[in-house]
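Read through the structure below, which is laid out as structure tokens, and then see the notes.
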Amino acid sequence: MSREEDAATLTEAIDEHLAIRSLEEVSELVDPRISPLDRPDDTQLDEGYVRQLGDLIHHHEHPHAHDEKQSVNEEPLYIEFEKGDKRDPVNFTHAQKWAITLAACFFTLLVASGSASFASGFPSITRDLNCTEFQATVALSMFSLGFGILPLVSASFSEEFGRRPLYLGSAIGYACMHLMAALSQNIQTVIVARFLGGAFGSTGSTMVGGTIADIWMPHERGLPMAVFSVAAFTGVGLGPIMSGWIESNPHLEWRWIQWIHLIMSGVFIVIAFVFMKETRSSVLLMRAARKLRKRTGNHRYRARVEDERASLKTLVYISCTRPIYLLLTEPVVTSFTLWVGFAWGILFVLIESVAPVFRSLHGFSDGPTGTVFVTLLIGCILGILTNTVQERLYQKYVGTRGPEARLFAACGAAVLFPTGMFIFAWSTFSNVPWIVLCIGMTIFIWALFVIYVAVFTYLADCYGPFASSALAGQSLVRNLAAMAFPLFCQQMFARLTYHWGNSIFGFIAVAMIPIPFVLFFKGPAIRARSKFASQVMQKQPKT
């Protein structure tokens, strides 16, 4: 290309209010496993995936795949948003950011409620479908299995195709699965509906953290992440409260638990269409790059994300392996995942064991048993108050400690976590007032809330554009634990009693106390050795 032609196309690019960067200057990050040799050629940039799939099946090579004439002068020109560009999601207005955040958090609330409310309908579902309580427990657990598996693919694909299409598609699928469950005539259909409902609903957890990271700067994320965590925990509490009273009404019971969730899912679909905007900047840049190439005819222009997206082969490899790769190779992700995964498994043990404990020890019926889950709301309120203090500490120390300033409250929660478990374990006697059990539950939820917020904010700060993949890896372990723990806990309690069964969990929690302390003091050194987190450390501006 001549200098005159290059200048002309550059002028057109400037008219688009886009900055032109070299590879060394571009701030948009891609998977560090991508090398210059993996870049898509000019044909692949605007070629459909169906065509590429056909070429792979028939072993056709692209005509430019081995073109040795490409020189340094033909290096790609990467486009980025200029500072302050209103199209950049981080520059959305405050009102737009909160509309997107609250809409996404409503989906989180809905999904969390759906995951926990099913357990309250066990008495009527076992009677209506002539199934055992263990089969109903399998249906409860299948939601968590689907919730954990799908994000391994969907989280990375949201980073390539955009957040909005996944929110809309997931919401529609989630609503359909509640319809399927409500109309089921056997437990096998319910199990399938629960699994697929969890898969579609997983967007309401793993992708919300990524959405918040897309539009809020690190020093602004504390409150939005707290709202997200409130939605997750209040949903887990509100679901059983609501469904406990529905189950106690002989005219409603378990099917109406599903119908009400279906109605609320329809409400969210409308909200998503109206308020959800695309928040993935790399996707918006990719669309702009395509327009620029089409108008100028110059294929040197591209968005940085196209280096890992335009080639179908590279896209499948990156999207399907990144969450597991981060989980297995990143100590920060691994340690926090084990911690929050164990805590989340215990939460679902609590959800399933509350009914038998309060019914057998204190004679509670379905409605009052569901009301016990108000402890989750109280724990969330204490968590919000703690998060307010945490945010002040973060603002004060982020300049010197970086993302590790997110972990002050987490260190305290590490001690509170086993404390609440031991109180609950040794209050499971009929002569101990039921309120003591509720106190233990409240302390446990308080600690879990703080841990949950710390995991999402810390991983978002550490991994930036890769946050959804990092959160998908921890979501897998967290939800596998939520699936597995309820399946064996009743047998364990029958053999060891509630006292010693819960005490074993408490001792494991004690062994995990050092995790946030190690990251608090050694986090920067650990991140500096990470392929992913080190990129974010170098590229992201300090707050």
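The values are calculated or read from the model by the stated rules, or taken from the named source; none is laboratory data. Small disclaimer: the values here were computed from a predicted structure and weren't measured. All Cβ positions, glycine included, derive from the backbone under ideal geometry; neighbour counts span all protein chains shown. Accessible surface is based on the protein model in full, side chains and every heavy atom, while ligands, DNA and RNA are left aside. Shrake-Rupley method; radii C 1.70, N 1.55, O 1.52, S 1.80 Å.
Report the longest stretch of the chain that contains none of the trypsin sites (Lys or Arg not before Pro) sitting in a DSSP loop with at most 12 other Cβ atoms within 10 Å.
After excluding every exposed loop site, the longest remaining stretch is 87-528.
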message: For a quick check of understanding: with a 1.4 angstrom probe and all protein chains in place, what accessible area in square angstrom does HIS261 have, to the nearest ten?
response: 10
query: Counting only protein heavy atoms, what percent of the accessible surface of the stretch 474-521 is carbon or sulfur at a 1.4 Å probe?
result: 80
- prompt: Assuming a viscosity of 1.002 mPa s and a temperature of 20 °C, what translational diffusion coefficient in µm² per second does Stokes-Einstein assign to the stretch 260-349, Rh being the Kirkwood radius over Cα pairs?
  reply: 124
Residue list for the stretch 198-227, given a label point 7 angstrom along the Cα-to-Cβ vector of ILE381 and an amide N cut-off under 19 Å: 226-227
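Multiply the residue gap between THR189 and LEU496 by 0.36 nm, knock off their C-alpha separation, and tell me the result in nm, one decimal place.
Extra length available between THR189 and LEU496 comes to 107.1 nm.
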message: Quick check: at a probe of 1.4 Å, how many percent of the accessible area of the stretch 274-410 sits on carbon and sulfur atoms?
response: 65
statement: Given the candidates GLY440, PHE485, ALA533, the one whose Cα lies deepest towards the positive end of the charge dipole of the chain, counting +1 at each Lys or Arg C-beta and -1 at each Asp or Glu C-beta, is GLY440
Gain on full stretching of the segment that runs from ARG359 to VAL153 - 0.36 nm per residue minus C-alpha separation: 70.0 nm
Helix 151-161 vs. the chain, principal-axis angle (Cα, 0 to 90°, nearest 10): 30
field: Exposed-loop-free span, longest in the chain, where GluC sites (Glu not before Pro) count as exposed if DSSP calls them loop and at most 11 other C-beta atoms lie within 10 Å
entry: 69-543
- request: Rank these by accessible area, largest first, 1.4 Å probe: HIS362, HIS94.
  value: HIS94, HIS362
query: With Cβ to Cβ distances under 15 Å as the rule, what net charge do the other residues near VAL455 carry (K, R +1; D, E -1)?
result: 0
field: Accessible solvent surface per residue of the stretch 417-543, calculated while the other protein chains remain in place, 1.4 angstrom probe, Å²
entry: 38
- prompt: Modelled label-to-label distance, LEU168 and PHE521, 7 Å Cα→beta-carbon offset: nm?
  reply: 5.2
- request: Keeping the other protein chains in place, figure out the carbon and sulfur percent of the accessible area of the stretch 184-256, with a 1.4 Å probe.
  value: 71
statement: Under the 7 Å Cα-to-Cβ spin-label approximation, HIS94 and ASN130 lie apart by a distance in nanometres of 6.2
statement: When the charge dipole of the chain is computed with +1 on Lys and Arg Cβ and -1 on Asp and Glu Cβ about the Cα centre, the Cα farthest towards its positive end, among ILE378, MET207, LEU145, belongs to ILE378
statement: Expressed to two decimals, the stretch 475-524 has a Cα Rg over Rh, using the Kirkwood radius, of 1.13
Solvent-accessible ranking of LEU238, LEU223, largest area first, probe 1.4 Å: LEU223, LEU238
